[in-house]
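Taking it in order: structure first as structure tokens, then the write-up.
The values are calculated or read from the model by the stated rules, or taken from the named source; none is laboratory data. What you see is a predicted model, and the numbers here were worked out from it, not measured in a lab. Here the Cβ is made from the backbone with ideal geometry for all residues, glycine too, and neighbour counts use every protein chain on show.
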Amino acid sequence: MTTGGGDGGHPPVLAVVGPTGTGKSELALGLAERLGGEIVNADALQFYRGMDIGTAKVPEAGRRGIPHHLLDILDVTEDASVADFQGQVRAVIEEIQSRGRRPVLVGGSGLYVRAALDHLEFPPTDPEVRARFEELGAEIGLDGLRAELARVDPDGAARLADARRMVRALEVHRITGRTFSSFMPQRHYLRPTVQIGLDLDRTVLHERLHARVLAMSEAGLLDEVRALDAAGLRRGRTAARAIGYAQFLAVLDGESALETALEDTATATRRFARRQLTWFRADPRISWFNAAAPGLADAVVADRQLGRL
């Protein structure tokens, strides 16, 4: 298996990915125990302090003494930024490796995983530049914006269909002199990496997700949402829209019964799991394992197709 990049003498970074509810955290802990690893979080919602029950964050008592990084780094009023995360996670990975330890990245936020592992460049932003192009768009309309973009990025003008994306493409070109499409990522690891994907029979996964939602409610999710609401949850564009939290805010507002919120959360979670699977299945570098297989951590370590772990 090709892991990519020069390794600087370090063994490959491990990444455990896949749909929610497949046991990624448990496998990551098992691999970290066996391989001298430390956990690096790549779940965007687990960045948030206090969002514990609804994100299935491993509690301190369940971490087996293994260091965990990039958990609880944001208040719920702050927006998660994949570009900011990229700088943070790469520094953490380098620091872990410098101590002779193994980074074990774990999470289901696909773009955040790629930001950590791949050569991935994010186009810069400038609110003033964007505002000028938004004003221009209001004056000249969609066709006018398309004509403006066609002067500097003909392919983008032909491909993009809405004003927001055209404004973004014009903003990027004005700042960088490059087309927006030139920033599109390639599947090329920054450093040697092995990605482990977990999958599960759909019926089993759906049953597991439904049971997990009920367990979260019994563990006090409504009280967690109430406390976070008092801490400004609704002001956070990322946190307030999180699955479970949005549905339980409706319960607090008297707009939804608890039973309805539970069912809506389970439905949204199933849909999210499908989107995650679609995202990760598109990456041919991932080696897939049955999440229900016994002795999974030992099987992963022993799998010869994964090369030198």
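Points worth noting:
- Positions within the stretch 116-130 being modelled with pLDDT of 95 or more and of a type in the set (A, V, I, L, M, F, W, C), in sequence order: Ala116, Leu117, Val129
- Of note, Arg274 satisfies the criterion of being touching a residue at least 12 places away in the same chain (Cβ under 8 Å), within 22 Å of Ser25 (Cα to Cα) and in the same structural domain as Ser25 (by TED's automatic domain parsing).
- The set of residues in the stretch 223-259 that are within 24 Å of the chain's Cα centre (by Cα), assigned to a helix (DSSP H, G or I) and under 24 Å from His210 (Cβ atoms) comprises Glu224, Val225, Leu228, Ala239, Ala240, Arg241, Tyr245, Ala246, Gln247, Phe248, Leu249.
- Any hit, the stretch 116-126, residues being of a type outside the set (Val, Ile, Thr), assigned by TED's automatic domain parsing to the domain that holds Ser81, part of a helix (DSSP H, G or I) and over 20 Å from the mean Cα position of the chain (by Cα): no
- Yes/no for Arg212 being in contact (Cβ under 8 Å) with a residue 24 or more places away in the chain, closer than 22 Å to Leu277 by Cβ and either charged (D, E, K, R) or surrounded by fewer than 18 Cβ atoms within 10 Å (Cβ to Cβ) (or both): yes
- Subset tally (residues that are part of a helix (DSSP H, G or I), farther than 21 Å from Gly36 by Cα and touching a residue at least 60 places away in the same chain (Cβ under 8 Å)) for the stretch 67-112: 2
- Criterion applied to Arg237, Arg151, Arg146, Arg241 was being charged (D, E, K, R) and in contact (Cβ under 8 Å) with a residue 40 or more places away in the chain, and the one residue passing it is Arg237.
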